[in-house]
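These notes concern the structure reproduced below.
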Amino acid sequence: MTLRLMVALTVVMAVWPSGRLAAQDSQFGIRGLGTPGKWESVRARSAGGAFAPFDAFSPLLDASLADVRRMSAGVTSSTSWRSVDAVSGSDVSLRGTRFPAMVIMGPLTSRITIGGGFATYLDRSFGITTQDTIDLRGVPQPVSDEVTSDGGVTDLRLAAAIRLHRRIALGAGMHLLTGSSRVIATRRFEDTTYRTSASRDEVAYEGAGASVNALIDVHPDLRIAGWFRSDTKLRADVSGRTAAENDLPLTYGAGVLWRPGGQAIIAGTVAWRNWASTGPAAGPNAHDTFNWSLGAELGSASSPIRFGLRGGQLPFGVGQTPTEVGYSAGLGRQFSGGRGRLDLGIERLERKGTGLRERVWTFLLGLTVRP
Amino acid sequence: MRRLALGFLLVAAACTEEATAPGDCPNFCPGGQIVVLDSIFTTIIERDSAFGGYLQPYQSGAMTAADLPGLQSRALFVLNPMITRVAPKAGDTTTVPIVVDSSRLALRMVRRNRATTNLWLKLYAIPITTDSTATFASVDPSFAATPVDSVSIDDLLSRPLITDTATVRFWGDTIQTDSAGHILITTDSAKILTLFFQFDTLKAPFVVADSGRLGFGIRATADSQASATFGTVESSDVPTMLWFFHYTIPDTVSATPDSVVHTSQPRAPQFDTFVFDPPTAPLDSNLAVGGAPAARSLVHVTMPAFLRDSFDIVRATFIFVPVVPSPGSAADSFTVEARSIQTDLGAKSPLTLGAIGSVIVHPGSSDTVRIELTDLVRAWAIDTTMPTVLVLKQQPEATSFTAIRFYSSRTPAFRPALHLTYVKRFPFGEP
């Protein structure tokens with residue numbers, strides 16, 4: 001693969017329409033603010049997300065930018081096949097292709113690196129169809145409704161990392177939450193005397209946030225990470241009018257990475273987000289979440305094999321907090337003398353909540369270039 | 001690696017989405033709901049008035065003869081002048097008189113009460129001076145005389161079809177005929193009848209002083225509910241008189257002196273109309289539609305502002321309550337159509353092309369009339385430049401005595417109303 005082709009691929013993915021800059025969606029997010037995105041590169045996600053705090057191409061940690069010594073960019077794409085089994089008996093298969101993250105970075109000085117990019121903060125892409133019979137003019141009228149939303153909230157990040165000491169790196173980032181979703185609500189009447197009613201609008205989202213984090217090498221083979229992020233309220237505007245305003249959660253977590261040998265890396269993370277405080281709109285269906293991950297990367301740096309395990313909770317769902325368990329694996333390959341890397345991964349997720357179960361297969365494809 | 005890159009591009013290009021699933025509501029559906037409301041707006045119709053004289057009976061595309069309880073109608077027409085002399089040689093100023101031998105009148109009956117029995121049509125001679133001032137009373141004496149001709153429609157229809165090739169070649173179709181020589185051709189599943197009356201010069205005299213003009217009146221009778229409508233000169237179903245005549249070529253102008261030429265010429269009506277008794281009542285405070293001269297009603301609607309902003313109208317039905325049932329037989333059912341206008345000039349407002357809603361009114365019925373006008377009211381809600389005016393008119397106009405009157409806004413208990421079903425705007429943006 002030539003460098004020119006690599007750059008072209010990166011540009012194609014970078015300029016892809018923002019409506020598709022979403023992570024994999026979930027039925028659990030429909031009743032809440034959305035489905036939180038995964039701030040992970042393909043490399044990190046193939047290892048269950050465990051490498052995300054230590055991987056500069058994952059938009060989770062700003063401090064990891066400190067490891068980048070030349071201009072670099074990475075982009076992630078995912079294609080998901082999702083089956084939804086509702087307790088009510090409706091089973092359906094869904095699919096979608098997303099570009100959940102892009103990161104570009106480069107050193108400013110020998111100790112300071114800056115970077116930026118986008119990642120999905122909340123996915124708001126879904127479609128719902130329902131049937132009902134209502135009484136109109138004294139006559140029962142069968143109706144079918146369809147509510148669709150296409151879009152989400154994107155996290156635009158501008159970050160900087162500084163290496164204070166050969167074992168300590170600090171990072172900070174500013175986050176602009178922006179995006180929109182095209183929403184359509186359609187009601188069709190079986191009696192064609194009644195016209196189909198379709199309301200269309202575009203909901204614009206706006207918010208901001210900040211993050212601070214650190215990487216500490218307690219030993220040449222052992223690195224730990226910690227992060228904290230706070231976001232303001234997320235405002236939803238429809239036609240210039242604020243339709244809703246919701247608090248966003250605090251995010252904090254920690255991770256550890258261990259190199260037991262020259263061709264093995266093991267990592268694990270834990271993270272918390274207090275979604276339950278996101279405001280009255282989410283109501284009792286919002287839950288604080290705890291997520292963990294464990295992953296490993298084996299083999300040479302030029303062609304490693306990865307696998308991982310993740311678990312945790314989803315923030316929105318009726319009754320008990322929905323849970324998520326995932327298994328993933330993947331491989332990577334460097335080319336052009338290490339100036340490019342292609343990562344492939346596959347992930348299996350199972351989500352369970354009161355009244356609903358989802359199974360997701362996701363094919364991941366990532367491209368990293370260092371021109 | 002190139003293949004991997006190609007695969008990468010293919011994945012990017014093949015972003016097929018399937019994001020819609022049956023909803024498990026309310027647990028896994030958006031917080032908002034599609035809400036349908038249904039209301040009858042009784043006070044938004046105002047400034048409603050009736051106007052008359054849009055189309056006179058002599059301008060309409062049909063004329064009706066009827067004999068109904070409490071209502072009589074007669075169709076009338078006066079033929080165009082016929083030539084009385086002819087130039088036997090083209091370009092010659094010398095003319096010779098024609099001698100009429102016979103004539104054949106063709107009438108197209110475009111509508112009749114097919115449920116009635118023993119339907120007869122009777123043709124009467126009427127004065128050739130008959131014009132638009134004619135009334136039922138002024139022509140009634142002509143109908144007291146012996147008819148020029150009469151024909152039993154039921155009898156003709158019961159006759160066998162004559163289908164031999166010679167007949168079809170001459171008449172263009174299979175025919176039915178009776179002993180008096182009347183010819184009948186049926187078209188459109190016997191909905192339309194073409195009748196031919198054969199006249200000798202006694203029945204249809206050719207009066208040179210009158211330039212061959214003749215006037216005929218048509219009366220319909222039956223066991224009950226006699227009603228029949230005929231095409232007029234304003235339609236494609238024109239009554240036509242075919243005059244058969246001959247003339248003699250003088251010996252000075254032809255290579256065949258003293259030879260006799262037989263030929264024919266058609267004549268359409270110069271004037272046609274219909275008269276009925278009792279005549280259409282004068283306009284009053286109610287909303288009149290139809291009759292002759294034709295009346296129309298204009299209805300102004302004040303659209304509530306909230307319907308423009310926050311709701312999507314899915315059904316709109318105008319409701320009109322008849323004052324009295326429309327006169328006529330069941331076969332005299334007619335269409336009331338609703339039109340919007342291009343600009344509001346009152347009674348002379350130009351109408352938009354084509355009906356946007358219609359309803360069939362059945363004589364004798366006092367049922368409330370409902371006209372579905374969803375598309376129009378939706379357009380009013382979206383386009384604030386449109387005049388929110390509705391015109392009710394009969395279709396076709398002035399072809400018969402039938403008319404309907406609805407209560408106007410001046411009768412609060414039965415005033416016109418607008419029944420709307422509308423969907424509340426979906427609460428987008430809320431979780």
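The values are calculated or read from the model by the stated rules, or taken from the named source; none is laboratory data. Computed from a predicted structure; not experimentally measured. All Cβ positions, even for glycine, are placed from backbone atoms using ideal geometry, and neighbour counts span all protein chains on display.
So which of A:108, A:61, A:122 ends up being under 20 Å from residue A:370 (Cβ atoms), surrounded by 24 or more Cβ atoms within 10 Å (Cβ to Cβ) and either more than 10 Å from chain B (Cβ to nearest Cβ) or modelled with pLDDT of 90 or more (or both)?
A:61
Which of the residues belonging to segment B:343-368 are in a loop (DSSP other than H, G, I, E, B), surrounded by 14 or more Cβ atoms within 10 Å (Cβ to Cβ) and within 14 Å of another protein chain (Cβ to nearest Cβ)?
Matches in segment B:343-368: B:356 only.
Residues A:48, A:34: which one is within 14 Å of chain B (Cβ to nearest Cβ), in contact with a Lys or Arg (Cβ under 8 Å, 6 or more places away or on another chain), on the phi > 0 side of the Ramachandran plot and surrounded by 24 or more Cβ atoms within 10 Å (Cβ to Cβ)?
Details: A:48 fails: within 14 Å of chain B (Cβ to nearest Cβ).
That would be A:34, the only listed residue that is within 14 Å of chain B (Cβ to nearest Cβ), in contact with a Lys or Arg (Cβ under 8 Å, 6 or more places away or on another chain), on the phi > 0 side of the Ramachandran plot and surrounded by 24 or more Cβ atoms within 10 Å (Cβ to Cβ).
Does residue B:392 satisfy the condition of being in contact with a Ser or Thr (Cβ under 9 Å, 6 or more places away or on another chain), outside the structural domain of residue B:112 (by TED's automatic domain parsing) and more than 12 Å from residue B:290 (Cα to Cα)? Quick ask: steps written out before the conclusion?
On the way: in contact with a Ser or Thr (Cβ under 9 Å, 6 or more places away or on another chain): yes; outside the structural domain of residue B:112 (by TED's automatic domain parsing): yes; more than 12 Å from residue B:290 (Cα to Cα): no.
Here the answer is no, as residue B:392 does not meet what is asked.
Sort out for me the strands (runs of 3 or more DSSP E) sitting completely within segment B:124-231 that have 3 or more residues that are under 20 Å from residue B:81 (Cβ atoms) and assigned by TED's automatic domain parsing to the domain that holds residue B:111.
Fully inside segment B:124-231 and qualifying: B:215-221.
Quick grid of which residues meet (1) among the hydrophobic types (A, V, I, L, M, F, W, C); (2) closer than 30 Å to residue B:349 by Cα; (3) not in a strand (DSSP E or B); (4) not assigned by TED's automatic domain parsing to the domain that holds residue B:291:
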position	(1), (2), (3), (4)
B:49	no, yes, no, no
B:65	yes, no, no, yes
B:102	no, no, no, yes
B:106	yes, no, no, yes
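Please verify whether residue B:420 is in a strand (DSSP E or B), buried (at least 22 other Cβ atoms within 10 Å of the Cβ), within 14 Å of chain A (Cβ to nearest Cβ) and more than 19 Å from the chain's Cα centre (by Cα), treating the condition exactly as stated.
yes
Tell me which of these residue B:146 doesn't satisfy, since it passes every other one: (1) touching a residue at least 60 places away in the same chain (Cβ under 8 Å); (2) under 23 Å from residue B:125 (Cβ atoms); (3) surrounded by fewer than 15 Cβ atoms within 10 Å (Cβ to Cβ).
Single failed check for residue B:146: (1).
Is it true that residue B:306 is assigned to a strand (DSSP E or B), closer than 26 Å to residue B:412 by Cα and assigned by TED's automatic domain parsing to the domain that holds residue B:417?
No: the conditions fail for residue B:306.
Mind listing whichever residues of segment A:105-130 are assigned to a strand (DSSP E or B) and free of Cβ contacts under 8 Å to residues at least 60 places away in the same chain?
Correct list: A:105, A:106, A:107, A:112, A:113, A:114, A:115, A:116, A:117, A:127, A:129, A:130.
Which condition number in (1) free of Cβ contacts under 8 Å to residues at least 40 places away in the same chain; (2) within 14 Å of chain B (Cβ to nearest Cβ); (3) over 28 Å from residue B:429 (Cβ atoms) is the one that residue A:260 fails?
If we test residue A:260 against (1) free of Cβ contacts under 8 Å to residues at least 40 places away in the same chain; (2) within 14 Å of chain B (Cβ to nearest Cβ); (3) over 28 Å from residue B:429 (Cβ atoms), just (2) comes out false.
Quick one: count up the residues across segment A:314-371 that are buried (at least 19 other Cβ atoms within 10 Å of the Cβ) and not in a strand (DSSP E or B).
Going through segment A:314-371 one residue at a time, the tally reaches 6.
Determine which member of the set B:262, B:300 is loosely packed, with under 15 Cβ neighbours inside 10 Å and in contact (Cβ under 8 Å) with a residue 40 or more places away in the chain.
Step by step, each of B:262, B:300 is checked, and only B:262 is loosely packed, with under 15 Cβ neighbours inside 10 Å and in contact (Cβ under 8 Å) with a residue 40 or more places away in the chain.
Could you list, in sequence order, the residues of segment B:385-431 that are under 30 Å from residue B:29 (Cβ atoms) and basic (Lys, Arg)?
Passing the criteria: B:424, B:425.
Across segment B:141-184, which residue is farthest from the chain's Cα centre (by Cα) among those that are polar (S, T, N, Q) and closer than 18 Å to residue B:216 by Cα?
Only one residue tops the list, namely B:146.
Scan segment B:73-122 for residues that are within 30 Å of residue B:259 (Cβ to Cβ), surrounded by 22 or more Cβ atoms within 10 Å (Cβ to Cβ) and touching a Leu at 6+ places or on another chain (Cβ under 8 Å) and jot them down.
B:79, B:103, B:105
Considering B:382, B:371, which residue is farther than 23 Å from residue B:51 by Cβ and within 14 Å of chain A (Cβ to nearest Cβ)?
Values: B:371 fails: farther than 23 Å from residue B:51 by Cβ.
It is B:382.
Condition check ((1) exposed (fewer than 15 other Cβ atoms within 10 Å of the Cβ); (2) farther than 30 Å from residue B:137 by Cβ) across all residues:
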{"position": "B:271", "(1), (2)": "no, no"}
{"position": "B:308", "(1), (2)": "yes, yes"}
{"position": "B:314", "(1), (2)": "no, yes"}
{"position": "B:317", "(1), (2)": "no, yes"}
{"position": "B:323", "(1), (2)": "no, no"}
{"position": "B:328", "(1), (2)": "no, no"}
{"position": "B:338", "(1), (2)": "no, yes"}
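What is the one condition in (1) of a type in the set (A, V, I, L, M); (2) within 30 Å of residue B:67 (Cβ to Cβ); (3) out of contact with any helix residue (DSSP H, G or I) (no Cβ under 9 Å at 6 or more places or on another chain) that residue B:398 does not satisfy?
For residue B:398, the failing item is (3).
Pull up segment A:149-202, narrow it to residues that are surrounded by fewer than 18 Cβ atoms within 10 Å (Cβ to Cβ) and of a type in the set (Val, Ile, Thr), then point me to the one that is farthest from the other protein chains (Cβ to nearest Cβ).
This residue is A:168.
Is segment B:313-321 home to any residue that is among the polar types (S, T, N, Q) and either more than 14 Å from chain A (Cβ to nearest Cβ) or part of a helix (DSSP H, G or I) (or both)?
Within segment B:313-321, not a single residue is among the polar types (S, T, N, Q) and either more than 14 Å from chain A (Cβ to nearest Cβ) or part of a helix (DSSP H, G or I) (or both).
Please determine whether any residue of segment A:137-148 is more than 8 Å from chain B (Cβ to nearest Cβ) and modelled with pLDDT under 90.
The answer is no; no qualifying residue exists.
Test each condition in (1) in contact with a strand residue (DSSP E or B) (Cβ under 9 Å, 6 or more places away or on another chain); (2) farther than 30 Å from residue B:137 by Cβ; (3) small (Gly, Ala, Ser) for residue B:224 and report the one that comes out false.
The single condition residue B:224 does not satisfy is (2).
Which members of segment B:34-55 meet the condition of being within 14 Å of another protein chain (Cβ to nearest Cβ) and either surrounded by fewer than 17 Cβ atoms within 10 Å (Cβ to Cβ) or touching an Asp or Glu at 6+ places or on another chain (Cβ under 7 Å) (or both)?
Matches in segment B:34-55: B:34, B:35, B:37, B:38, B:39, B:40.
Looking at this structure, is residue B:244 outside the structural domain of residue B:402 (by TED's automatic domain parsing) and not in a strand (DSSP E or B)?
Numbers: outside the structural domain of residue B:402 (by TED's automatic domain parsing): yes; not in a strand (DSSP E or B): no.
It is false that residue B:244 is outside the structural domain of residue B:402 (by TED's automatic domain parsing) and not in a strand (DSSP E or B).
Quick check on my filter: what residues within segment B:349-364 are modelled with pLDDT of 90 or more, among the hydroxyl-bearing types (Ser, Thr, Tyr) and more than 16 Å from the chain's Cα centre (by Cα)?
B:349
Is it the case that some residue within segment A:212-219 is surrounded by 13 or more Cβ atoms within 10 Å (Cβ to Cβ), at pLDDT 95 or above and of a type outside the set (A, V, I, L, M)?
Yes, some residue in segment A:212-219 is surrounded by 13 or more Cβ atoms within 10 Å (Cβ to Cβ), at pLDDT 95 or above and of a type outside the set (A, V, I, L, M).
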